[in-house]
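Novice: Can you read through this structure? Questions will come right after.
The values are calculated or read from the model by the stated rules, or taken from the named source; none is laboratory data. The shown structure was predicted, so the numbers you read here are calculated from the model rather than taken from an experiment. Because the Cβ atoms are built from the backbone with ideal geometry, glycine has one as well, and the counts that use them run over all protein chains shown.
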Amino acid sequence: MSTDTGLPSIKRGDLVLYSVLAVIFLASCAASWFLLSGARDRSDLVLEAVLDGRVVESVDIESLKRESTIAIKAGGGINILSVGPGGIKMISADCRGGDCLRMPMIGSRGGIIACLPHRLIVRVRSRGQANAANVNAIDSMTY
Amino acid sequence: MDARFERVSGPRRLALISLCSAMAIVTGAAESLFPLPFPGMRLGIANVFNLLALILSGPGSSVSVAVLRLFLLFFLSGNMFSLTCGAAGLLLSLPVTIVLYERHNTALSIPAISTASAFAFNIGQVAAAIILTGEPAIASYLPLLLAAAVITGLAVGRLAETLARRLRYLLGRD
């Protein structure tokens, strides 16, 4: 019977398990780096609002010279985005959690704000990526 | 040597499941009051009671506690999205936890098992969010969640282990 020594218990297999977890962690870092890269050149960036998998709003980032707001009707509520040269942030949402309001500002490096209760995704990505995704969307609609 | 704790059964098991479920629901509800800097990140204290039920009375009890917590918290919050994500997280984390504890208990410490369980939960949760929204970029959030899972997983495991040692005397002796 083990006794409570007050010290963290470590067993011989732990190192193996922690190594496996470290590999998973590194893989997730690589995957996220891959997902977020590609959107570096500001002139090529588009802001997209995606509702239930469909792009409902698409704005050229270059065109955002001064602060403005965009209201998006989503999932029976309304989300208000503040967009400007500094970046894009969700400033108002009448969903239950309000998690999207606490998400960090997105901008020139690409990124994503998700309002999950309203199934709304706001993302910044390069035009090339956006076009490729739209082509895929059409393809997936046809079968 | 099998390092497992003596398991409780019968009415004691029922009492343990009820106690663990009640505590898991209360801590789960209390946790949602703490705003953490990143949405979706949780302290996961409620998982202590899943693990405790597993250690003291086996996989069946652990599954009971997890499922009861999931649905009762849904009835309290009415948040369909967190129900789906939570269910997906549990679908992955419960088998991982149970297999690691039941099969590899002699080689693995409880904090290590708990960390693996937290990893599995977060991966399942993110997978569900990706499927529900159709947005693979949500996966870019995973490294952050996994980094937090190391800390909360270790803490949860340590706490469950300590509780199991202390509660054993309350539950296992006449």
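Novice: Filter region B:97-111 down to the residues that are over 14 Å from the mean Cα position of the chain (by Cα) and facing another protein chain (nearest Cβ under 8 Å) and list them by number.
Specialist: B:104, B:106, B:107, B:108, B:109, listed by residue number.
Novice: From the list A:92, A:63, A:58, A:68, which residue is in contact (Cβ under 8 Å) with a residue 60 or more places away in the chain and among the hydroxyl-bearing types (Ser, Thr, Tyr)?
Specialist: Every option except A:58 fails the conditions.
Novice: In region B:77-93, which residues are of a type in the set (A, V, I, L, M, F, W, C) and over 14 Å from residue B:123 (Cα atoms)?
Specialist: Hits for region B:77-93 are B:80, B:81, B:83.
Novice: Collect the residues in region A:61-102 that are exposed (fewer than 15 other Cβ atoms within 10 Å of the Cβ) and within 14 Å of chain B (Cβ to nearest Cβ), keeping them in residue-number order.
Specialist: Scanning region A:61-102 gives A:76, A:102.
Novice: Something else now. Would you tally the residues in region A:32-64 being at pLDDT below 75 and of a type in the set (Asp, Glu)?
Specialist: Here the count works out to 3.
Novice: Across region A:60-101, what is the number of residues that are in a helix (DSSP H, G or I) and polar (S, T, N, Q)?
Specialist: 1
Novice: Hand me the list of helices (runs of 4 or more DSSP H) wholly inside region B:25-136 holding 1 or more residues that are over 24 Å from residue B:5 (Cβ atoms) and free of Cβ contacts under 8 Å to residues at least 12 places away in the same chain.
Specialist: It comes to B:59-77, B:80-104, B:110-133.
Novice: While we're looking at this one, here's another question. Which residue is nearest to the other protein chains (Cβ to nearest Cβ), if the candidates are limited to region B:136-151 and must be surrounded by 20 or more Cβ atoms within 10 Å (Cβ to Cβ) and within 17 Å of residue B:47 (Cβ to Cβ)?
Specialist: B:146
Novice: Right, residue B:114: within 12 Å of chain A (Cβ to nearest Cβ), surrounded by 18 or more Cβ atoms within 10 Å (Cβ to Cβ), in contact with an Asp or Glu (Cβ under 6 Å, 6 or more places away or on another chain) and of a type in the set (Ser, Thr, Tyr) or not?
Specialist: Against the criterion (within 12 Å of chain A (Cβ to nearest Cβ), surrounded by 18 or more Cβ atoms within 10 Å (Cβ to Cβ), in contact with an Asp or Glu (Cβ under 6 Å, 6 or more places away or on another chain) and of a type in the set (Ser, Thr, Tyr)), residue B:114 does not qualify.
Novice: Kindly evaluate residue B:88 against the criterion of being more than 11 Å from chain A (Cβ to nearest Cβ), on the phi < 0 side of the Ramachandran plot and either out of contact with any His (no Cβ under 8 Å at 6 or more places or on another chain) or surrounded by 20 or more Cβ atoms within 10 Å (Cβ to Cβ) (or both).
Specialist: yes
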